[in-house]
Each structure stands twice: as C-alpha cells, then as structure tokens.
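The structure under discussion appears below in the form of structure tokens.
The values are calculated or read from the model by the stated rules, or taken from the named source; none is laboratory data. Source: prediction; values computed, not measured. Cβ atoms come from the backbone with ideal geometry, glycine included; neighbour counts cover every protein chain shown.
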Amino acid sequence: MQVIGGTGANSDVVVHCCHRGEGTVKFEPIPTYDLSHFTPLEYLGAYYLEQDYTEGYAMIAHDFLA
C-alpha cells in the first residue's frame with residue numbers, strides 16, 4: 001500500500017513515431033472480470049506511439065504501512 005511518484009522513472013526517451021487518429025474502445029468479458037457493460041463517457045481520439053526509454057527507479061510518495 002504505497003503511492004508511487006513515477007515522474008523521474010523514465011529517462012533517455014527517444015520517440016520514433018507518433019500518430020493521431022480515430023480509434024475504438026471496447027471491453028470484452030474475461031474469466032476473471034466482466035467489464036463489457038462499461039462504456040466511455042467521452043472519447044477524445046487515439047494515439048499510436050513507438051519509443052525507446054530507460055526505466056529507472058520511482059520514488060515512494062507515501063507509505064501507508066509505515
């Protein structure tokens with residue numbers, strides 16, 4: 001039970017391509033959860049992003065167990 005601040009966890013980000021366009025949101029049932037009755041309230045578009053990055057360590061913002 002921790003709140004993690006991941007703002008500084010990614011570094012050396014290199015974006016290879018980024019495309020904006022239309023997309024769809026569809027939830028289908030799986031054996032663990034049935035989320036098929038959820039529908040989005042608002043849809044603002046879709047992005048496709050290819051990038052490389054180095055993942056580092058995040059900081060613990062708040063520890064509920066301490």
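Of all residues in segment 17-66, those being among the charged types (D, E, K, R) and more than 19 Å from the chain's Cα centre (by Cα) number 2.
Can we say Val25 is outside any loop (DSSP other than H, G, I, E, B) and among the aliphatic types (A, V, I, L, M)? Break it down stepwise before answering.
Numbers: outside any loop (DSSP other than H, G, I, E, B): no; among the aliphatic types (A, V, I, L, M): yes.
For Val25, the condition - outside any loop (DSSP other than H, G, I, E, B) and among the aliphatic types (A, V, I, L, M) - is not met.
Sub-7 Å Cβ pairs linking a first residue in segment 46-65 that is part of a loop (DSSP other than H, G, I, E, B) to a second residue that is of a type outside the set (S, T, N, Q) and loosely packed, with under 10 Cβ neighbours inside 10 Å, at least 6 apart or interchain, are Phe64/Met1; Leu65/Met1, ordered by first then second residue.
On the given criteria, is Leu44 exposed (fewer than 10 other Cβ atoms within 10 Å of the Cβ) and within 24 Å of Thr7 (Cβ to Cβ)? Against the criterion (exposed (fewer than 10 other Cβ atoms within 10 Å of the Cβ) and within 24 Å of Thr7 (Cβ to Cβ)), Leu44 qualifies. Figure legend. Inter-residue proximity from segment 1-26: first residues within 26 Å of Thr54 (Cβ to Cβ) and surrounded by 10 or more Cβ atoms within 10 Å (Cβ to Cβ), second residues of a type in the set (Asp, Glu) and at pLDDT 95 or above, beta-carbon distance below 8 Å, spacing 6+ or different chains. Indicated pairs: Val15/Glu50; Cys18/Glu50. Among the residues making up segment 5-21, none is modelled with pLDDT of 90 or more and either among the acidic types (Asp, Glu) or assigned to a loop (DSSP other than H, G, I, E, B) (or both).
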